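Note sheet for the following structure.
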Amino acid sequence: MKFASKTLCLVLASSAAVFTGCAKKPVRPDPSATLMGQQPGGPGALNPQEVSTTADMNTALQPRDASIIEDANTIRGLLQPVYFDFNLSSLKPAERPKLQAAKDYLDKNPQYRLLVEAHCDWRGTAEYNLALGDRRANQAKKYLLTLGVPADKLETVSKGSEDAVKTGDDSTWAKDRRDDLVVLKK
């Protein structure tokens, strides 16, 4: 009798634990239905042959705000930032000449390295924006590698939305969606 009651209690306790402790697993969305959706690209997406004219490359060396900030270890503002569309990490063809200009600068100044510092606008969680910034920085790095920049000359960092403007309009936020190309002296 004692064995039957112990078994019954054990079965009831196990059943209660199973029915109350197991939630239904969430259904994962189809990647094509998410906000990111399918990324543009495919064959030739990182093809350096698509870089446009030399005039575009020359304008990529223009400082963005006419002030170059230089300290003991870095030069900021020498190379133009690479901008991205909202919530995307793929390089736009119009932005690729800026990376070509960075490669050309490194070729002429082999003592320097390059830091690709990714930024996002304020929309999205901090964690999401750090991950998006990481994808953006790595896309630029990947493209620079296809251009022939040695991997030991490149570093990446994601700042996420750390420096983003929280109030503004689309044109203000578009300036936050960028990779800054920072020249490292040491």
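Worth a mention:
- Every residue from segment 137-177 that is among the hydrophobic types (A, V, I, L, M, F, W, C), out of contact with any Pro (no Cβ under 9 Å at 6 or more places or on another chain) and not in a strand (DSSP E or B): 137, 140, 144, 145, 149, 151, 164, 165, 173, 174
- Within segment 159-184, the set of residues being open to solvent by less than 50 Å² (accessible area, probe 1.4 Å) and farther than 16 Å from residue 84 by Cβ comprises 168, 182, 183, 184.
- Residues that are more than 22 Å from residue 175 (Cβ to Cβ), charged (D, E, K, R) and touching a residue at least 24 places away in the same chain (Cβ under 8 Å), drawn from segment 70-113: 103, 104, 113
- None of 156, 125 is out of contact with any strand residue (DSSP E or B) (no Cβ under 9 Å at 6 or more places or on another chain) and open to solvent by 30 Å² or more (accessible area, probe 1.4 Å) except 125.
- Residue within segment 50-67 that is at pLDDT below 95, among the small types (Gly, Ala, Ser), in contact with a Pro (Cβ under 7 Å, 6 or more places away or on another chain) and over 20 Å from residue 137 (Cα atoms) present: yes
The values are calculated or read from the model by the stated rules, or taken from the named source; none is laboratory data. Treat the numbers as computed from the prediction; the structure is a model and nothing was measured. No Cβ is skipped: glycine too gets one built from the backbone with ideal geometry, and neighbour counts run over all protein chains shown. Ligands, DNA and RNA are excluded from the accessible area calculation, which covers all protein heavy atoms including side chains. Shrake-Rupley method; radii C 1.70, N 1.55, O 1.52, S 1.80 Å.
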